[in-house]
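Contents: one structure, followed by commentary.
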Amino acid sequence: MSTSNAESLVYEAASPIASAPSFPLDQWYVAALGWELKEKPVGRTLLNKPVVLFRTADGQVAALENRCCHRALPLSNGTLEERGVRCGYHGLLFNGDGNCVEIPGQDKIPSKAKVPAYHVREQDQIVWVWFGSEAHPEPTCEPPAYDVHSSGKYLFGGDVYHYDAPYQLIHDNLLDLSHLGYVHLRTIGGNASIHMNAQMKIESDDTTVRVVRHMPNSVPPPTYTAAYPFKGNVDRWQEIEFHVSHLQIWTGAVDVNTDAMDDPERGGFHMRGFHGVTPETESSSHYFWTMATNPVSDPEATKIKVIEQTILTFDEDKEVIEAQYQNMCRFGTRPMVDIHVDVGANRARKIIEQIRHSTC
Amino acid sequence: MSTSNAESLVYEAASPIASAPSFPLDQWYVAALGWELKEKPVGRTLLNKPVVLFRTADGQVAALENRCCHRALPLSNGTLEERGVRCGYHGLLFNGDGNCVEIPGQDKIPSKAKVPAYHVREQDQIVWVWFGSEAHPEPTCEPPAYDVHSSGKYLFGGDVYHYDAPYQLIHDNLLDLSHLGYVHLRTIGGNASIHMNAQMKIESDDTTVRVVRHMPNSVPPPTYTAAYPFKGNVDRWQEIEFHVSHLQIWTGAVDVNTDAMDDPERGGFHMRGFHGVTPETESSSHYFWTMATNPVSDPEATKIKVIEQTILTFDEDKEVIEAQYQNMCRFGTRPMVDIHVDVGANRARKIIEQIRHSTC
Amino acid sequence: MSTSNAESLVYEAASPIASAPSFPLDQWYVAALGWELKEKPVGRTLLNKPVVLFRTADGQVAALENRCCHRALPLSNGTLEERGVRCGYHGLLFNGDGNCVEIPGQDKIPSKAKVPAYHVREQDQIVWVWFGSEAHPEPTCEPPAYDVHSSGKYLFGGDVYHYDAPYQLIHDNLLDLSHLGYVHLRTIGGNASIHMNAQMKIESDDTTVRVVRHMPNSVPPPTYTAAYPFKGNVDRWQEIEFHVSHLQIWTGAVDVNTDAMDDPERGGFHMRGFHGVTPETESSSHYFWTMATNPVSDPEATKIKVIEQTILTFDEDKEVIEAQYQNMCRFGTRPMVDIHVDVGANRARKIIEQIRHSTC
């Protein structure tokens, strides 16, 4: 990993932000949060492919092309049965492999009666899909684990947001938490200068970027004080870990001078965010998020508060990012001026650029 | 007429469903239901032509190009007077032939001050329009009669629906009532296997298709039992008659073994549907329908119930067909797999294909 | 100035109404009404340029390109401070000249960190902007004065409407008040034949058109009688003055035979309209209007009534003009038939045509 501090990179040239980016294909992308797949099939376009997601009787998740091979109705308009999904028009029944297993009123099932099935895997309550490039139609690795959901140490909740903006603008936003001071004044932000002047360290390799920001002896923001009984000022950290299809952000604080900020076993108040960013199309995205927290007293109420604050915060981000993208479309390709906070985001863009070209 | 039963045609090749079909021109198409034309002009695009429809003082219907020749305001934004329709901008008045008969404040009316008029005819409370091809600008026949509306034997009601889908998808839907089991579970459908296993007979010639389905000794669906005092199981029939611009569907049932199902004078409960399917554009349609019924007791209340159920049913169809069309657009041209229920619809598509090419 | 009366021009050829007109560039256009620029920046597209408008601490108005040079967020999503507008994403601060004067957390401001600024001037509570052609990037004249707003003789109010229609259709509407009889029956219109048969005089030169209409001894319309104690019939006038980027319309009435209608010092009831018509794009416009009146008794209540009536009237115009434009798009380029009322509008179109070609 190469390590550098932000100052030396302030004037690093901005990577061009293409208005119609395509995406790395040989990746596991988030297709759904596990609890979305219950009694109804879910229709969702992922990487330009319309997909129907559902859970079969044995609890396995399945992902098929969202088009009945008979008359093209979306299978997500149908209903779930023990053997699979039944089309809501003429009742053809498809199993999790995409094979038609029943045509009502007809004995023989033509061999052509099937729909494409995609590689899909559920892990720690996250449902991942692999579409793959022509070179790698089969997954080359296991989907990522995320034990925050399964360790039992945290309470969490989450949701999926639809963005009218390309996925990389969401990466940019998450990799640069300095925007907290301006976008999120009312919630997790607090004092702007704290964020802009945070101590920042950035590391990266071929597929990840890690941005660590420390804000020692700072005033805790509204969300923190609402959720945890801090005595006064806090030592606050933000650890952002970028992977090609998702980010993990571990933020939190301890009372001033009580624990080392870079100790993974540190105490205090923690918010651990999972952020799955999956392109819907070149110009729109799905943003799957969960927020986990470690309450000390009144845990359920605290969790609800944290989730409420998180929703407010992510609503603010969505508003800014969609306004940004609309304006980029309005103005077309135009150079951008980089500032010190862009280093992490620019590295992530380079990683994606390289992966995209290496799979072409 | 060639007659065949469905089984031998199960694997008949599907006619390709073009995403942007055009339409047979030398036909009478439904432009309005008679009672729509009252105190206000009606603007409607029919076969890509924006038309204003209205009734003149003598009760005759008129159809003009929906554009004032002065400054292009739709005439449907204007008001009706004894002599015709008056533009809502500067008050030019046009009669039913499209001639300007008054320019307020100006004595001389330029010879160019007129708008195109179309052939329009009202028959049995249905308003028909003929646009014609270049070869046949004048109608080559009379508009269809529909004495169900005028015989006095039935009570009826109806409405017009706008579809974001091409007209032929509505034909497909109406010609294959096997979808009742999956789309209309709550209303006229009832048990799915009854529909899929119905006895079916199909006849066709150069301009019509007739699909007859018999469901002897079957459980009557909710709409039927709500409207008629059946004693138990029924002998149920569906007779679908396709014409190029409209369909007639005569469905009903008698108590088991009380009347021949193919006797036009049979008793029992009847629902007689008129279905005018008029292209608005290549990708959208107007669907004019009426539903007539023959109540034995409490006739007005029964009719209201039948119309309510029909509305629920047609709302369900619209939802499915528009979802189907959206998905066809999403996926582009792709082969479809035919099943046994498609025979009638496929013949109708062939008829339209032949007529379209013979008028080209 | 050439003077002619309408009759001789009735059959003057209509100037073609292009579906995608462009605009004269070397003009002052209205960008805002003065009172719009208060505590928040205003984002608005003017002549295809997205602009952020705001007032600086010293009360001066400023107009910048509405795009932060860092990551393209509209500056109108930001907040106003004493020194200028601060971006709502990462907090860059821009002054009224478009220079970045602060990058939070960064000492050095790159020389490229600036956004284009436009010539903007406030005069009589109207904010004007000059974009200019390549030949005239600097204003070649002062913005128009409008002392109706500052003389103290009138009470007034106003607003800005967004139109989904090209600017010249609004000119047409304002230059031909004969439409009052058909579009505005409920408000300022009154009897249609009065308007169509008004005495009309038209004068024009290279950049202006003046249409004067007199309706002696006529019934005052509802708005007038609601606002002024007329004794009975009135001598009523309409004076329309077209300039390339705006119109002034002075209408009013005196009791019959009490004052000369063409005397600027005439008494009676007056409504003085300012109408700034600024293209947003080729197919959409901003319509800035104020309405000033000279109440004799209960002035504030009278003004409120007049403004209410004006809003009703302008809502009616907007509905008609947008319907007209939609229909023009539907039908594409098609000849129009001129009538006697079109003379003023046609001259205005010729003026704009000539100016557009002279600056090309």
On the accessible surface of the protein assembly as shown, probed at 1.4 Å with all protein chains in place, carbon and sulfur together account for a percent value of 49 percent
When the Karplus curve 6.51 cos²θ - 1.76 cosθ + 1.60 is applied with θ = phi - 60°, which whole-Hz ³J(HN,Hα) does each residue of the range B:107-124 get, with x for Gly and Pro? 6, 8, 9, x, 5, 6, 7, 7, 10, x, 10, 10, 5, 9, 9, 9, 8, 6
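Grab the other residues whose beta carbon is less than 13 angstrom from that of residue B:262, score K and R as +1, D and E as -1, and report the net.
For residues surrounding residue B:262, the net value is -1.
Across peptide C:73-81, what mean number of C-beta atoms from other chains lies inside 10 Å of a residue's C-beta?
Mean partner shielding for this stretch: 3.
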Could you tell me the relative contact order of the range C:143-358? Use alpha-carbon pairs under 8 Å, at least six residues apart, and round to a whole percent. 27 percent
Straight-line reach only, C-alpha to C-alpha below 17 angstrom: list the lysines that residue A:49 could link to, leaving out same-chain residues fewer than 8 apart. A:114
Considering only protein heavy atoms, what per residue accessible area in square angstrom results for the range A:73-231 with a 1.4 angstrom probe? 42 Å²
Magnitude of the charge dipole, the protein assembly as shown, Cβ model with Lys/Arg +1 and Asp/Glu -1, debye to 20: 100 debye
What nm distances, shortest first, do you get from the label point of residue B:136 to those in the other copies when the point sits 7 angstrom along Cα to Cβ? 6.1, 6.2
Determine the gain in length on full extension of the stretch residue A:207-residue A:301; use 0.36 nm per residue of separation and subtract their C-alpha separation, reporting nm with one decimal. 30.1 nm
Starting from the 7 Å offset along Cα-to-Cβ, what nm value, one decimal, do you get for the label separation of residue A:153 and residue C:83? 4.3 nm
Principal semi-axes in Å for the range C:25-152 [√(5λ), Cα gyration tensor, largest first]: 27, 17, 12
For the residue C:241, residue C:357 Cβ pair and Förster radius 41 Å, calculated FRET efficiency rounded to 0.05 is 0.95
About the Cα centre, and with charges only on the beta carbon of Lys, Arg (+1) and Asp, Glu (-1), how big is the dipole of the range C:38-131? Nearest 20 debye, please. 360 debye
Around residue B:165, under 9 Å between beta carbons, what's the net of Lys plus Arg minus Asp minus Glu among the other residues? -1
What's the Kirkwood radius of the protein assembly as shown in Å, using all Cα pairs? 34.6 Å
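If A:134, A:282 are ordered by their accessible area, calculated over protein heavy atoms with a 1.4 Å probe, which sequence runs from highest to lowest? Don't skip to the answer; put the middle values down first.
Numbers: A:134 185, A:282 60 Å².
So the residues, ranked largest to smallest area, are A:134, A:282.
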Whole-Hz Karplus ³J(HN,Hα) for the range B:267-276, in order, using 6.51 cos²θ - 1.76 cosθ + 1.60 and θ = phi - 60°, x for Gly and Pro? x, x, 9, 10, 10, 10, x, 10, 9, x
Shortest first, in nm, what separates the label point of residue C:38 from those of the same position in the other copies (7 Å along Cα→Cβ)? 4.6, 4.6
Could you list which residues have their amide H under 5 Å from that of residue A:132, counting only those 5 or more apart in sequence or on another chain, with H placed in the peptide plane? A:27
Need one number: the % of Cα-Cα pairs in the range C:143-358 sitting beyond the 30 Å mark. 20 percent
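Around residue A:37, under 10 Å between beta carbons, what's the net of Lys plus Arg minus Asp minus Glu among the other residues? Don't jump to the answer; show the numbers that get you there.
On the way: positive: A:38, A:40, A:55; negative: A:36, A:39, A:122.
Counting the neighbours of residue A:37, the net charge comes to 0.
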Name the chain B residue nearest the rotation axis between B and C, going by Cβ position, and give the distance in whole Å. B:164, 12
Within 10 Å of each Cβ in peptide B:206-216, how many partner chain Cβ atoms are there on average? Round it to a whole number, please. 0
Could you rank the peptides B:149-159, C:174-184 by their average count of other C-beta atoms within 10 Å per residue, with the highest value first? C:174-184, B:149-159
Highest mean first, what order results for A:43-49, C:288-294 on Cβ atoms within 10 Å? C:288-294, A:43-49
List, shortest first and in nm to one decimal, how far the label point of residue B:229 (7 Å from Cα along Cα→Cβ) is from its counterparts in the other copies. 7.5, 7.6
Calculated FRET efficiency, residue B:141 and residue A:40, Cβ-Cβ r, R0 51 Å, to nearest 0.05? 0.55
Using a 10 Å cut-off on Cβ to Cβ distances, tally the other chain neighbours for every residue of B:31-44 and report the average as a whole number. 0
Compute the Cα gyration tensor for chain A, then decide on rounded, prolate or oblate, letting a ≥ b ≥ c be the square roots of its eigenvalues: rounded whenever a/c is under 1.5, prolate when a/b is larger than b/c in the other cases, and oblate in all that remain. prolate
Given the DSSP H assignment, sum -39500 (n - 2.57) over each helix run of at least 4 residues in chain C and divide by its residue total; what's the result at 222 nm in deg cm²/dmol, nearest 500? -6500 deg cm²/dmol
For the pairs A:318/C:40; C:38/C:108; C:201/C:303, note any where the Cα-Cα span goes beyond 26 Å. C:38/C:108; C:201/C:303
Could you give the distance between the Cα centres of the range C:88-140 and the range A:91-114, to the whole Å? 64 Å
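The values are calculated or read from the model by the stated rules, or taken from the named source; none is laboratory data. Since the structure is predicted, the reported quantities are computational estimates derived from the model, not experimental observations. Neighbour counts run over all protein chains shown; Cβ positions are idealised from the backbone, glycine included. Surface accessibility is based on the protein's heavy atoms, side chains included, excluding ligands, DNA and RNA. Shrake-Rupley method; radii C 1.70, N 1.55, O 1.52, S 1.80 Å.
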